[in-house]
Structure formats: C-alpha cells, structure tokens
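The values are calculated or read from the model by the stated rules, or taken from the named source; none is laboratory data. Small disclaimer: the values here were computed from a predicted structure and weren't measured. Heads up, the Cβs are rebuilt from the backbone with ideal geometry, glycines too, and the neighbour counts pull from every protein chain shown.
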2 protein chains.
Amino acid sequence: MSQAESSRPYHHGDLRRALIDAALALVTEEQDWAFSLREVARRAGVSHNAPYNHFPEKRDLLGAVAAAGFNALRERLRKAVAGTNGPRAALLASGKAYVRSGLENPALYRLMFGPALAAANGAAEAGKRGRAKADSGRPTEVRAAGAGAKAVLEDIILRGAQSGAFAISARSRTELAVAALSVWSAVHGLTMLVIDDITGSDLAIETLVSRLLRTLLDGLAAR
Amino acid sequence: MSQAESSRPYHHGDLRRALIDAALALVTEEQDWAFSLREVARRAGVSHNAPYNHFPEKRDLLGAVAAAGFNALRERLRKAVAGTNGPRAALLASGKAYVRSGLENPALYRLMFGPALAAANGAAEAGKRGRAKADSGRPTEVRAAGAGAKAVLEDIILRGAQSGAFAISARSRTELAVAALSVWSAVHGLTMLVIDDITGSDLAIETLVSRLLRTLLDGLAAR
DNA sequence: GCCTCTATGTGGGCATTGTCAACTTAACGC
DNA sequence: GCGTTAAGTTGACAATGCCCACATAGAGGC
C-alpha cells in the first residue's frame, strides 16, 4: 500500500514480505503450492528473477510461508487457551482451535508439515551421506516456528501435570513429552484425515475432537 | 524380466504395471514424487508419451501407486493382527505395524494421504462450483484401497466392542466409527510427526505407539 | 559534490517438463 | 486377407526453475 505510486520505484521496498504474502495468497487460493515462482513474481509486480535475490530457491519461499503459518497457529492456540480455566478445558479449547485452523486453510496446513520443504536435503542427496537423522532437512526457521506452536500444548500438559489433573509426573521429562506428543499426534492426525476427507464420518469436527481428546484425557487420568 | 529379448517388441506387454512399478521405485529412491513422467517412461524403456495411453495424467499414475501402497499396508496390518489374541493386543500389534510401514517408505506414505492426487479437482476448479464435500477429488481407486486398510482397524474395534474389551456399544455405528477414527487419527498423526522428525523425542517409535495406544485404550475402557 | 560498492531488480537464455497432435505398428475379429 | 483399434512413436508448444550478464540506485568514504 505505502508508496504505491504509478511510478513504481526500481527498488520495491520490502519485496521479501510482498513475495511471502503473494505466495501465501496463492497457496490459499489454489489450495496447492504447485504454482510457479514466476507467478509469485508477477503478483508482486516484479520480474521473474527478482525473487532469487531474497530466496535462493522456491523451497525457501515456501519455507517462509510455512513458518508464518506456524506463527499464526501459535497465536490462535494462545487465544483459545486464554479464555479457559483448568488444563482440561484448555486442552479441549486448543484442540478445537487447532483443527479449525487446519480446516480453514488445508493447503497451508499441509505445507507446514509437508515434505516440500525438505526435498533437497532429505531425498536423493541423503543417499550419499547417510540420511541425517537429526534435522531431516527441514529449514530451521520452520522447525523453530513449529516448536513455538507446540510449546503452547506442552505448557498445558505441564500445568495439568502439576495441578494433578493429568496423572503424569510433572518432573519426568519423558512422561511429559510422551503425553504432549500423544495429544499432538491425535489432533494432528484427525486434522489430516478430515482435510483428506477420509474420516467416513459426518459428525461435526468439533464433536470429533472433543470425543477424541476426552478419551485421551480419560486415559491419562486412569493411569 | 519375462520376454525381455534384445529385440524389444513394439508393444510392451504390460506397460501399465511396468509404469506403476517404475514410479513406485522412483518414489522410494528419491523419497519424493517430483520426478518427471518422462523419467518413469525412460525407466520402463518406452517413449516419453507412451504412459499417456494408460494414464490420462501424471496424477493418475501417482494414484495407482498410492492405491498399491494402501493395499500393501492392508496386508501388513492383517498379518500383524493374525498372530495376536484379543482385541487389545491386536490393536497394539497393528498400530506398530502401521507406523513401521509408514517409516519404511515415508514418501509413499505421504503420497497415499497427500494432496498430489486431488489437486485438479480439489483446488482452483472447486471455486467455480462450490467445493464438492463428498469426495474431495480423491480418485475412487485410492479411496477404496484406503477404506480396505481402514477396515482392518474397524474390525478390531468391532470385536473389542463385542467382547466388552472396549467400553463401546457394538450396536452404535457412531460409537464404533468415532472410536476407530480416534485410534486411526492417533496412529496416523504419530506416523506423520515421526516422518517429519518433529516429535522432539528420542524414544523408540515402538515405545511411542505403545504408550499412545495404551492411553487411548485406557480412555476407552474408563467410559 | 563525486565515486565506488553493493544490494536489488531486469532481460535473455537453457534444459526440462506436462500435455497435445499426427503418424506407425501390430494384434485380433471377421 | 483386411480393416478396426489399442498401444507406442516422434515432434511440437508453452511454461517452468534456475543461471548469466547487465542496469539501477541508495549509502558511505573522501
């Protein structure tokens, strides 16, 4: 918006951001990230090669979009948790917000977790040097953003363990990690299946998350 | 192998199968399905356009590969279940087999669930006529194969409900469906997270599945 | 005020891709 | 035999990702 004179300046001002926005818009519209980098450049009103000044490869642009997606998710989870009291309610609220978030923009959600970001490192090249098991080729930017979102969930688990709502030792890192991972897996998996539309269920998604999480919570308490 | 004379016949014999095999091999080797259709044709020893006699689009070839993947998964689940007694043990065994299966060929697993198959229907075109919610554009072949694999799990749930091992009414379709979906979501989600290597846990995958499923089972029993 | 440096954007080019069209080959029914 | 037709072939086209050499402009030393 700013400085958008008809005499567009040679230098864009904040092309990097503009490219990320354009790419996000494309992902959202087309529900796919198969669009061309050139198309993104067109949208941003620059030449087909300008993006290469900011992103070495198309994958890096997608990575930036994914990271933005994780940050947005984190904020939504935070807001959902804010209005609740008690870890159990917090978990249910965040679970619903999580799934809803994924359903609102399936392609973005898939991109965040997808392999499109890891392709170069994780695939053919990995053959030569034995697949790196530690980082699996996902850009650190994305990993960090993902961890940020995950942290919201881990915090709930921790509080639940401390308050005794969940039958987990708050001092066992492993127990906490396994519990958080379990919950995340369940919600993540449900989101994916619903996105793929292969649940075979016509119940409202909110109902499904609730039931799933409640079962899981009961299991945690039953320990 | 059969009939592979030096005088290669004009007609391949079973090109369709050969193409699927080649594509599957490529997915496995490169851990990605970004390879070109032409590359597949080269592997099968035919011209770059021969595949179009069997698959209208690249997506259709990938669909066939995905369907094959689901069928293989179903067989593995069946075998895993066969050696167990009791629904609880069956569920744990199949869960482990499921995750192991996914980890053995992450790219194939992702392809099976991925959006690569739905792209044309589910994306831009959906804008015109209001997204079809019923089939979401996944080829019926893939959907059917997926349902076959899912059926193994549903069968376990049903038996568990009937035997009273799970506190579910065996006569409530909804209850059964929700339970099956819950278990599937959990295992599917865990598989995905492990594939993406973003679990943040260094526990053995078998341990993680066991813990996750046990928690879920306890939750089902606690009803 | 000038001059150079460097980040940023432009245009052209190349190998490769997915898909279309027109032609060729061989197998099978009659 | 002979035509119909499925299955494979070559050739073409626009588009893509990424490379190169060049153009532009703002910043900083002097």
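Can you name the residue in the stretch B:47-102 that is within 16 Å of DNA strand D (Cβ to nearest atom) and in a helix (DSSP H, G or I) and, of all such residues, is surrounded by the fewest Cβ atoms within 10 Å (Cβ to Cβ)? Out of the qualifying residues, it is B:ASN53. Of all the criteria given as (1) farther than 21 Å from A:ALA151 by Cα; (2) crowded, with 17+ Cβ neighbours inside 10 Å, the one not satisfied by B:THR191 is (1). Every listed requirement among (1) buried (at least 20 other Cβ atoms within 10 Å of the Cβ); (2) more than 17 Å from A:VAL194 (Cα to Cα) is met by B:SER185 save one, (2).
Applying the set (1) touching a His at 6+ places or on another chain (Cβ under 8 Å); (2) hydrophobic (A, V, I, L, M, F, W, C); (3) assigned to a loop (DSSP other than H, G, I, E, B) to A:ALA41 leaves exactly one unmet item: (3). Scanning the stretch B:188-202 for residues that are of a type in the set (A, V, I, L, M, F, W, C) and either in contact with a strand residue (DSSP E or B) (Cβ under 6 Å, 6 or more places away or on another chain) or within 7 Å of chain A (Cβ to nearest Cβ) (or both) yields a count of 4. So which residues in the stretch A:5-29 are within 12 Å of DNA strand D (Cβ to nearest atom) and at pLDDT 95 or above? Within the stretch A:5-29, A:ALA23, A:LEU26 qualify.
When you check B:ASP197 against the structure, is it within 23 Å of A:ALA149 (Cα to Cα) and surrounded by fewer than 21 Cβ atoms within 10 Å (Cβ to Cβ), yes or no? Yes; evaluated as a whole, the condition is true for this residue. So, in the stretch B:16-29, of the ones that are small (Gly, Ala, Ser) and away from chain A (no Cβ under 14 Å), which residue ends up nearest to DNA strand C (Cβ to nearest atom)? Taking the candidates together, the pick is B:ALA23. For the stretch A:30-60, the tally of residues that are without any contact (Cβ under 8 Å) to a residue 60 or more places away in the chain and more than 13 Å from DNA strand C (Cβ to nearest atom) stands at 3. Contact annotation: no residue pair with Cβ atoms under 7 Å, 6 or more positions apart or on different chains, pairs a residue in the stretch A:180-191 that is not assigned by TED's automatic domain parsing to the domain that holds A:TYR109 with a partner that is at pLDDT below 95. When the stretch B:140-170 is filtered for residues that are modelled with pLDDT under 95 and of a type in the set (Lys, Arg), only B:ARG143 remains.
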